[in-house]
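Here the structure comes first, spelled out in structure tokens, and everything after it is commentary.
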Amino acid sequence: MIKAFVLIVVDPAETQNVFNSLQNVDGISEVYQVMGPYDIMAVIEAPSITQVPTLISQYVRVVEGIESTTTCVTFPEA
């Protein structure tokens, strides 16, 4: 299983809506509101690394209120 951490910048007026929306996305195992340069962090779990970009483009970036994302993909376990 591949894990990816998606760091998300959100329109401040939409933070709660984005947080709630991301909790209902298949493939996202955890969602946190955070302080710092990002507003939300989501944890994606996917069977392969090739599925991560699809999850992000089809289910994360389309959520209204998201301004930008940065994704950090973990190395597969040996």
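Since every read-out is calculated from the coordinates, none of them should be taken as a lab result. Source: prediction; values computed, not measured. Please note: Cβ atoms are built from the backbone with ideal geometry, for glycine as well, and neighbour counts cover all protein chains shown.
The figures follow:
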| read-out | value |
| --- | --- |
| Coil-residue GluC sites (Glu not before Pro) of segment 17-69, DSSP, other Cβ within 10 Å capped at 11 | 64 |
| Net charge dipole size for segment 2-73 [Lys, Arg +1 and Asp, Glu -1 on Cβ; Debye, nearest 20] | 220 debye |
| Positive-pole candidate from 36, 5, 60, dipole of the chain, charges at beta carbon | 5 |
| Cα gyration tensor shape of segment 31-75, rounded if a/c is under 1.5, else prolate or oblate by comparing a/b with b/c | oblate |
| ³J(HN,Hα), Karplus 6.51/-1.76/1.60, whole Hz, each residue of segment 40-51, x for Gly, Pro | 9, 10, 10, 10, 9, 10, 9, x, 9, 5, 5, 8 |
| Matching label, Rg and Dmax of the Cα atoms in Å computed from the structure shown, candidates (i) 18.2, 64; (ii) 11.9, 42; (iii) 18.7, 66 | (ii) |
